Amino acid sequence: MARYLLFQLYAPLAAWGDVAVGESRPSATRPGRSALIGLLGAALGIRRDDEAGQDGLAKGYRFAVRELAQGSLLRDYHTAQVPSRAALKKAPAYTRRDELAVEVNTILSARDYRCDGYWQVAVEATGDSPPHDLEQLAEALGRPRFNLYLGRKACPPALPLQPQIVEADSLQAAFAQGDFTGPEGFVAELGLIAKGHGLEQEGGSLYWEAGMEAGISARQTYTRRDHPRTRFRWQFDERQEHHGTLSTEE
Amino acid sequence: MNRFLQLHLLTSYPPSNLNRDDLGRPKTAMMGGETRLRVSSQSLKRAWRTSDTFVEALQGHVGTRTKEMGNRTAKLLTDTGVKEKQAREWARAIAEQFGKLKKAKDDGSEEGLHIEQLAHFGPEEEAGVDALCKALAERQSAPEAEELKLLRGDQQAADIALFGRMLAAAPRFNVEAAAQVAHAITVHKVAVEDDFFTAVDDLNNGEEDMGAGHMGETEFGAGLFYLYVCIDRELLVKNLQGDRELANKTLAALVESAATVSPTGKQNSFASRARASYLLAETGNQQPRSLSVAFLESIRGKTMLKEAIERLTDARDKMDRVYGSCSDKDAVLNAYTGEGSLADVIACATE
C-alpha cells in the first residue's frame, strides 16, 4: 500500500512550459515536474530563491498526472514595450508609466496556452522522511501562502484543488478512489470532462515517473527535461515519464 | 488580515478591438468548446498601471497636474536666496524625476524648466519637493542622487509592489508581483466581425478618377467580459516594507482602476470605454479560485448581464457548498440593480 495526495487542476487557460528558447514559449499538454514542484512550493510559502527548500521538494516527491482533458492549443501573440538603455540613462524610470513616457522598442514572443484542460495529480513521498508530510501539503494547498497558478501567473485555478489523501496499491486504484465530483456532482455537471478535447479514452491518460506503481502497463515512455537541478541557475535534468491509458472499469 | 483579495468583474464592451494579435484581429480563446473574445492579462495591467486613475487614486484624488513643477521649484529656490543659475540647474534635476525634460539643455527660457508631459504631483510629493528646496537653500549645494530618488517614493513602490519587476541581469532587484490578473474572457460565444471601410478623397472632383481614396478592413467584436484578479495582500505589505497604509492606498487604486479603466487599444476608432457593471470582492485565507466555470456554458439569452450576474453568484454558492466556504468576507457593486458602491468594495478590499 502506498499513500498518495490527490488534487485537481482546472483553469480556462493553463501553460505547462516546455523547453523554450527565445521567442517561442511552448506548452506541454500536461504539467511537468517543475510546474508541480512550483505549485507545492507556492502553497507552502517556499520562495524561489530558497535553494534548500526548493531542492527538498524536487527530491522529496514523485508525481503522476491523470490527464482527462488536455485542452485546445492557444498561441498568444505577446508584445511588450521596453525603453532603450540609452533612453533609461537620460530619464529615470521608477514606474511602468515612466518607462513608457520615453522612446520604446517592442519585443515579441509567442506564448502557448491550453484552453479548458483538466488534470488530476497524485503526489507520493520518495522516502520515509519527506520535507513535508502529505497532510501538510494538503493543508497548504487548501490555505496557500502565495498565489497558486497553472504554469503562468495569469492562469489562476478556476476550481478549488480539493486536496485529499488516499491509500492504494497503485495509481490506478488511487485515482479510482479520488472524489472530485463533490456531493452534487459539480465537476460532472459542468461538463468539464465531457467537453474535453481529443480524448479517446474516458478514463483518461496516466503519466507517471519511474518508481511509482501504476497498476497498468506503459504504452510509451517519454523523455522530459523538467526535473529541476538548480532553481537558481534554471537548469533542468532529463527524466523518464511513462504513459498509459486508464480503463473506465475502475 | 485576510491574505487574499479576489475581485470578480463583469464589464461590457461595445464593438471594439482592445487587444489584437499579429493580424490585427481581436484576441480570442476557446472556453466550453466555443470561441470567446479575450483581453490579455498583460494588456489590462498596462492600462491600469499607466492610467491617471491609478496615480490619482494612490494620492487621494487631490494633487496638481502640471508641466511646470520645475518653474515653481526654481522660483522657490531663488526666493530663498539661491542664485538664478544654480536654482535653474537644481530645479531641472528635480523636475527630471517626474518626467523627461522638454529641452536637453537649459536655454534660460520658461520652457527650459518644463517637462514634456503633464505629471501628477500628490500633496506628499509637493511637500517633498518643498522640503528638499529648503534644505538645498540652507546648505547651498546641489541635490544628491539619493535625495532625488526619494521624491518619487510612493508611486514607484506601489507600482512595483503590485505588478512586480523582473530583471534577468540583476535578480536581486526582482520583486514578485502581489497581484495576479487572469485574461478577461467573454461570457458568451463571439464571432469576430469585419468592417470594410472606405475613405473619400475630399479634393478629388471626379474628373479623371472616381472612387474611394482608401479602402481597408478592421476587425472587431463586442462582448461582456468576466475578469478575475487575485491579490496576495500580505505579499503586498511585505513588498512595501510593511507600510500598511500605503498598501491600502495601493489596493484602493487597483480596485478603482480595474473597475473604471479600459485598455487603450483602438479607442479613437471605437470609443469603447466601459466601466464594470458588476464587481464582487472577496477576502479570505482559503485557496483562491476564479469563477470562470459560471460561463463554461456560454450565455445565449437576451438579458445577458442579468443572467451573467445570476450565473456568477450561483456558481459561487454551489462551489461553497461543494468544497466548503471559499472566502470569509465580501462586498458587491451592482450597476445593474444599482446596489452597493465602489466605496463598499474598496472598504472590503482595504479592511
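No lab work stands behind these numbers, since they all come straight from the coordinates. Remember, it's a predicted structure, so these values are computed and weren't measured experimentally. In this analysis, Cβ positions are derived from the backbone assuming ideal geometry, glycine residues included, and neighbour counts consider all displayed protein chains.
Expressed as a fraction of 2.2 N^0.38 Å, the value expected for a compact globular protein of N residues, the C-alpha radius of gyration of chain B is 1.21.
Taking square-rooted eigenvalues a ≥ b ≥ c of the alpha carbon gyration tensor, is segment B:144-241 rounded, prolate or oblate, where a/c under 1.5 means rounded and, failing that, a/b exceeding b/c means prolate? Verdict is oblate for segment B:144-241.
Below 11 angstrom from the Cβ of B:Gly213, what's the summed charge of the other residues (Lys, Arg +1; Asp, Glu -1)? Combined, the nearby Lys, Arg, Asp and Glu give -3.
The stretch between B:Asp79 and B:Asp209, if pulled fully straight at 0.36 nm per residue, gains 40.1 nm over its current Cα-Cα span. Judged by the ratio a/c of the largest to the smallest principal axis of the C-alpha gyration tensor, segment A:6-80 counts as oblate, that ratio being 1.5 or greater while a/b is no larger than b/c.
Each principal axis of the Cα cloud of segment B:297-351 was taken in turn, and the coordinate range along them, longest first, works out to 38, 30, 13 Å. Its alpha carbons considered, segment B:254-328 gives a radius of gyration followed by a Dmax of 15.3, 47 Å. Under a point spin-label approximation (7 Å from Cα along Cα-to-Cβ), what is the A:Thr126-B:Gln267 distance to one decimal in nm? Here the modelled spin labels are 5.2 nm apart. For segment B:67-173, a Kirkwood radius taken over Cα pairs fed into Stokes-Einstein (20 °C, viscosity 1.002 mPa s) yields D = 146 µm²/s.
Once the piece of chain linking B:Ala274 and B:Thr35 is laid out straight, how much longer is it, given 0.36 nm per residue of separation minus the C-alpha distance between them? Write out the running numbers ahead of the final one.
On the way: separation 239, 0.36 × 239 = 86.04 nm, distance 2.21 nm.
That pair, B:Ala274 and B:Thr35, stretches by 83.8 nm at full extension.
Placing a pseudo-label 7 Å from each Cα along the Cα-to-Cβ vector at B:Ser325 and B:Ser141 gives an inter-label distance of 6.0 nm.
Computed over segment B:190-309, the P(r) curve from all C-alpha pair distances, binned at 10 Å from the origin, holds 9, 25, 26, 18, 11, 7, 3, 0 percent per bin.
Shown here is the pair-distance distribution of chain A: with all Cα-Cα distances grouped in 5 Å bins from zero up to the longest one, the shares run 1, 6, 12, 16, 18, 17, 11, 7, 4, 3, 3, 1, 0, 0 percent. Positive contributions from Lys and Arg (+1) and negative ones from Asp and Glu (-1), summed over other residues with Cβ under 9 Å from the Cβ of B:Lys102, come out at +1. Counting every C-alpha pair in segment A:91-154, the share spaced more than 19 angstrom apart comes to 65%.
Run through segment B:205-265 and list the GluC sites (Glu not before Pro) located in a DSSP loop whose Cβ has at most 12 other Cβ atoms within 10 Å. Of the GluC sites (Glu not before Pro), the ones in loops of segment B:205-265 whose Cβ has at most 12 other Cβ atoms within 10 Å are B:Glu207, B:Glu208. Shape summary of segment A:46-139, radius of gyration then Dmax from alpha carbon positions: 21.5, 58 Å. Dimensions of the protein assembly as shown from C-alpha coordinates, computed as largest minus smallest value along each principal axis and given longest first, are 87, 73, 48 Å.
For the pair B:Ala127 and B:Asp52, label points projected 7 Å from Cα toward Cβ lie 2.5 nm apart.
How well do other chains shield peptide B:30-38, expressed as the mean number of their Cβ atoms within 10 Å of each residue Cβ?
5
In the structure shown, the pairs B:Lys105/B:Lys249; B:Lys306/B:Lys329; B:Lys85/B:Lys249; B:Lys189/B:Lys266; B:Lys266/B:Lys329; B:Lys27/B:Lys318 are assessed against 29 Å; a Cα-Cα span above that value is assigned to B:Lys105/B:Lys249; B:Lys85/B:Lys249; B:Lys266/B:Lys329; B:Lys27/B:Lys318.
State the extension gain, in nm to one decimal, for the chain segment bounded by B:Phe197 and B:Lys306, taking 0.36 nm per residue of separation less the distance between their alpha-carbons.
35.8 nm
Do any GluC sites (Glu not before Pro) in segment B:90-176 lie in a DSSP loop with no more than 12 other beta carbon atoms within 10 Å, and if so, which?
Listed in order of number, the matching sites are B:Glu110, B:Glu144.
Does segment B:79-133 come out rounded, prolate or oblate by the C-alpha gyration tensor, with a ≥ b ≥ c the root eigenvalues, rounded set by a/c under 1.5 and, if not, prolate when a/b is larger than b/c and oblate if not? Verdict is oblate for segment B:79-133. Nearest 10 degrees is fine. How inclined is helix A:51-60 to the longest principal axis of chain A, computing both from alpha carbons? Result, in degrees: 30.
Across the alpha-carbon set of segment B:216-267, the Rg to Rh ratio works out to 1.19, Rh being the Kirkwood radius.
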